[in-house]
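**Student:** Below are the structure tokens for one structure; questions will follow.
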Amino acid sequence: MFVSLAPMHLLAAVTPPVTGSTALFASVVLGAIFGALLHRGGVANYTVIVNQFRFRDFTVLKIMMTAIIVGGLGVLALNSAGLANYHIKAANMLGVTMGAAIFGVGMVLYGYCPGTAIAAAASGSLHALVGLGGLLVGGTLYAFSFPWIARYVLPVGALGKVRLPDVTGIPALAWFAALIAIAAVVFFLIERAERRTAAVRAGEAFR
Amino acid sequence: MSTPVTKPGFLRQSRWNPYAVGAAIGVLSWIVFAVVDKPLGVTTSLTGLAGACAVPFLGAETVATNDYFKAHGFKWDYGMLFLGGIALGGLLSALISRSFRIEAVPSVWRERFGDSVVKRLAAAFLGGILAMFGARLADGCTSGNGISGSLQLAVGGWTFFLTLFAFGILTSLVLFGTRGSSKS
């Protein structure tokens with residue numbers, strides 16, 4: 001069972017079964033699958049992403065919530081079985097909050113996030129391609145702001161590489177049970193609203 | 001009322017069910033964690049590319065002495081090839097489903113801001129700068145923090161996910177208001 005979730009799991013050294021050039025080839029294939037999934041999922045599309053934030057299209061939320069639940073339960077099982085390591089990033093609360101806020105503004109203006117932008121540019125979106133140049137400039141600006149940020153921003157609220165079970169004492173399985181319950185209600189409401197919108201539109205078309 | 005349409009085969013459908021796509025991305029993350037021993041992410045590798053592309057503009061010396069670029073140098077490693085894979089997958093998916101379209105000004109943007117290509121490209125470029133700066137400050141984007149972080153129940157991942165949505169909603173209100181069409 002996946003009950004023990006002490007931070008020692010973070011230290012458990014698991015050697016990946018695939019290394020060297022095989023791993024490099026595997027990463028192209030895995031990336032291609034990810035790119036195809038983003039494209040077919042509809043999130044390599046400006047309108048789909050922007051309309052998520054306008055509550056007119058819930059594709060982004062459906063994909064992300066399902067990926068988090070399915071991915072999370074699997075990685076939890078793999079980690080408990082000693083087959084995968086966790087890769088937790090440091091929760092520098094001020095940096096993460098400010099970064100996510102700036103990212104949110106940028107994502108709506110751009111209409112893509114970095115991953116979906118690459119898939120979109122490859123499927124013909126010219127503005128996604130131009131925005132990739134913006135991403136590279138943004139990365140460079142950050143690199144040259146880094147000394148200041150590392151000194152004044154990142155240390156504020158630095159909690160370390162923590163997980164929700166560590167800071168709350170609530171076990172991971174309980175978090176996933178709660179997430180599944182929330183997702184079930186949210187998805188039910190979304191699907192009902194979408195059926196109603198579709199019915200209204202069909203009515204309008206009929207008239 | 002409507003003429004019967006033959007549904008194209010699975011590989012030729014331009015859209016797949018979003019829940020199935022989400023579940024497949026979840027399964028993909030199992031493979032990435034177990035096989036490559038890395039989280040699924042995009043912007044960390046993109047930093048190395050940014051450094052490499054900055055060389056002709058800023059000079060090799062300036063880039064090589066920067067501490068952040070030193071820690072995130074350009075390498076043909078797992079992450080960089082993963083980015084190439086995303087482009088390849090997006091292209092193949094679009095070609096196979098015959099949905100490759102050159103798009104400069106999307107309809108939702110045109111309705112609000114007109115059909116100026118320059119205006120849209122400038123907004124995309126500025127948005128890209130902000131998105132990457134924010135993603136680096138938070139140490140991850142929608143993939144690295146939003147999906148990979150959240151699925152590990154990382155405190156940072158969930159903070160990112162929720163804050164991103166809050167600010168995305170606010171920005172879309174400022175940019176687009178509450179009116180307008182929802183067609184995609």
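**Student:** Can you put B:Trp30, B:Trp16 in order of accessible area, largest first, using a 1.4 Å probe?
**Tutor:** Per-residue accessible area, sorted high to low, gives B:Trp30, B:Trp16.
**Student:** Pairs of Cα atoms under 8 Å, at least six residues apart: use those to get the relative contact order of region B:1-101, whole percent.
**Tutor:** 33 percent
**Student:** Rounded, prolate or oblate: which fits region A:18-162, taking a ≥ b ≥ c as square roots of the Cα gyration tensor eigenvalues, rounded meaning a/c under 1.5, else prolate when a/b beats b/c?
**Tutor:** Since a/c stays below 1.5, the shape of region A:18-162 is classed as rounded.
**Student:** Now a separate question. With charges set only on the Cβ (+1 for Lys and Arg, -1 for Asp and Glu), what does the dipole of chain B come to about its Cα centre, in debye to the nearest 20?
**Tutor:** Value, rounded to 20: 780 debye.
**Student:** Could you work out how far helix B:18-31 tilts from the main Cα principal axis of chain B, as a 0 to 90 degree angle to the nearest 10?
**Tutor:** 30 degrees
**Student:** Quick one: check the C-alpha center-to-center distance for region B:108-184 versus region B:13-30, whole angstrom.
**Tutor:** Centre-to-centre (Cα) distance: 21 Å.
**Student:** Using label points projected 7 Å from each Cα along Cα→Cβ, tell me how many nm separate A:Val185 and B:Lys7, to one decimal.
**Tutor:** For A:Val185 paired with B:Lys7, the spin-label model returns 3.2 nm.
**Student:** Listed here are the pairs B:Lys70/B:Lys119; A:Lys89/B:Lys75; B:Lys38/B:Lys119; A:Lys89/B:Lys119; A:Lys62/A:Lys89; A:Lys62/B:Lys75; which of them are more than 32 Å apart at the Cα?
**Tutor:** The answer is B:Lys70/B:Lys119; B:Lys38/B:Lys119; A:Lys89/B:Lys119; A:Lys62/B:Lys75.
**Student:** In the protein assembly as shown, what percent of the accessible surface is made up of carbon and sulfur (1.4 Å probe, ligands and nucleic acids excluded)?
**Tutor:** 70 percent
**Student:** Okay, moving on. If you line up the long axis of helix B:43-58 against the longest principal axis of chain B, both from Cα atoms, how many degrees apart are they, to the nearest 10?
**Tutor:** 70 degrees
**Student:** Specify the residue with the greatest mean-square fluctuation among A:Ile102, A:Ile49, A:Ile118, computed from a Gaussian network of chain A linking alpha-carbon atoms under 10 Å apart.
**Tutor:** A:Ile102
**Student:** For chain A, return all DSSP H helices satisfying: extent of Cα atoms along own axis at least 18 Å; mean Kyte-Doolittle hydropathy at least -1.0.
**Tutor:** Helices passing the filter in chain A: A:20-41, A:59-80, A:93-110, A:126-152, A:172-206.
**Student:** Other chains near A:160-173: what is the mean number of their Cβ atoms within 10 Å of each residue's Cβ?
**Tutor:** Whole-number average of other-chain Cβ neighbours for A:160-173 is 3.
**Student:** What total accessible area, in Å², is buried where chains B and A meet, using a 1.4 Å probe and rounding to the nearest 100?
**Tutor:** So the total buried area for this chain pair works out to about 10600 Å².
**Student:** Explain nothing, just the number: dipole magnitude of region A:18-162 about its Cα centre with +1 on each Lys and Arg Cβ and -1 on each Asp and Glu Cβ, in debye rounded to the nearest 20.
**Tutor:** It works out to roughly 160 debye.
**Student:** Return the average number of partner chain Cβ atoms within 10 angstrom of each residue Cβ along peptide B:98-107.
**Tutor:** 5
**Student:** If you don't mind, there's one more thing I want to ask. Would you tell me the mean number of C-beta atoms belonging to other protein chains that fall within 10 Å of each C-beta in B:43-50, as a whole number?
**Tutor:** Mean number of neighbouring Cβ atoms from other chains: 5.
The values are calculated or read from the model by the stated rules, or taken from the named source; none is laboratory data. Every value quoted in this text rests on a predicted model; they were computed, and no experiment measured them. For neighbour counting, all protein chains shown are included, and Cβ atoms are generated from backbone atoms with ideal geometry for every residue, glycine included. Ligands, DNA and RNA are stripped out before the accessible areas are found, and what is left, the full protein with its side chains, is counted by its heavy atoms. Shrake-Rupley method; radii C 1.70, N 1.55, O 1.52, S 1.80 Å.
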